[in-house]
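See below for the structure under consideration.
Computed from the coordinates by the stated procedures, all read-outs in this text should not be read as laboratory data. Model, not experiment: these values are computed from the prediction. For neighbour counting, all protein chains shown are included, and Cβ atoms are generated from backbone atoms with ideal geometry for every residue, glycine included.
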Amino acid sequence: MHTKVWKINSTNILDKDIHEAAEMLRAGDVVGFPTETVYGLGADATNETAVRKIFEAKGRPQDNPLIAHVASEEQLTELVTFIPDYVYKLIEAFSPGPLTYILPANEYCAQNVKAGLSTIGVRIPSHPVALALLQTAGKPVAAPSANVSGKPSPTSAKHVYDDLNGRIAGLIDGGQTGVGLESTVIDCTGEIPVILRPGGITKEQLELEAGAVMVDPGLAVSSVDRPKAPGMKYKHYAPEVPLYLFTGSNQALKDLVDKEKQAGNRVGVLVSDQTAEIFTEDTHIHKLGGTIEEIASSLYDGLRFFKQANVDKIICETFTEKGIGQAVMNRLRKAADSEIKK
Ligand code: TXA
Ligand code: MG
């Protein structure tokens, strides 16, 4: 299959390229597109055959449901049977934006979007290209992250192209995404929201609007409980070389890296700009940025970078768990082969 690529700066819904991409969606084909979190792989959520193509292109397990992306609150209400009051408050504060609501579903979307569940995840993305595409298509668009299953989510069109060229009909190149990690997924079927996946909107932000917020016990890595978001049970975001997470002093980190180098191992080191300064020039480091927001935004690119850089192992330092740091550390723990504490 030829993958048509549109390079786009315009976010005008009258734009010819947006129209072409929206037409592809309406015709039942699969299109990659940028959102403010990561690139999505979209298909008409009301068309079962179209949605099946997403699972095939990604090699995604059939029991992992997809998020339906919509352009407005009004469109969101069409897909669900009930919306608790706190969700209206959250919509007011955070949508469009990186927040996904799990709500009781009606029959509007195809069954395979929900993977057999009675609920559906709905999100209004804030990226202008995503919004223009959704408005033009005029349909809810089912879209997981546009990576091959098990790989880090794509934060640039190049990542999508590397994974899926020839397996999807179209790809809108809208440049780098912003947040760089996926949306926060919250279960809104109970009295209070429950975070199933930390992401672009933090627990602290949610609490300011909705009051009490719970975190799914299945999120604790050591927990044996089955996570409620089916996607959270898979080893995710993993680069193909082993990843070690390091907690300890900068000196201990440097000693470890030196020891690895002396043993003849090619080590890639993923660190903040500040930590990068302790290493000598011959160390293979990749800087993730100076703030936790920058680190979130460049994390997946860093994981992909070392996959192509011919290293035997990646050592990554751990970061703050405050704010978006909670999502950063959640993704790193899921990607890591082991943790080293010194
Ligand atoms: O930022 C994002 O959310 C990106 C962009 C493209 O919007 N999308 C994304 O989709 O990350 P995906 O499919 O890679 O992750 C969706 C997560 C999975 O963990 C899935 O199991 C969970 O949301 N999920 C979807 N529907 C659900 C449902 N009805 N109940 C519980 N979890 C659900
Ligand atoms: Mg994903």
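Quick notes on this one:
- Once Rg and the Kirkwood radius are both taken over the C-alpha atoms of the range 90-164, their ratio Rg/Rh works out to 0.98.
- On Cα atoms only, tilt of 292-308 relative to the major axis of the chain in degrees: 80 degrees
- The share of alpha-carbon pairs in the range 31-127 lying farther apart than 15 Å comes to 59%.
- With respect to the chain, whose longest principal axis is taken over its alpha-carbon atoms, helix 250-262 is tilted by about 80°.
- Cα-centred dipole magnitude for the chain, charges only on beta-carbon of K, R (+1) and D, E (-1), debye, nearest 20: 940 debye
- 19 Å Cα-Cα threshold exceeded, pairs from Lys58/Lys151; Lys53/Lys114; Lys7/Lys158; Lys259/Lys313; Lys307/Lys341; Lys151/Lys307: Lys307/Lys341
- Near Gly40: Cβ cut-off under 12 Å, other residues only, Lys/Arg at +1 and Asp/Glu at -1. The net charge is 0.
- Highest average first, the peptides 333-339, 52-58, 188-194 ordered by how many other beta carbon atoms sit within 10 Å of their residues are 52-58, 188-194, 333-339.
- Unit charges on C-beta of K, R, D, E only; dipole of the range 58-161, Debye: 560 debye
- Cα radius of gyration and Dmax for the range 1-65 (Å): 12.6, 37
- Our summary of shape: the Cα atoms of the chain have principal axis extents of 59, 47, 32 Å, ordered from largest down, in whole angstrom.
- Spatially proximal aspartates and glutamates relative to Lys287 (Cα-Cα < 12 Å; intrachain offsets below 8 disregarded): Asp273, Glu277, Asp301, Glu317
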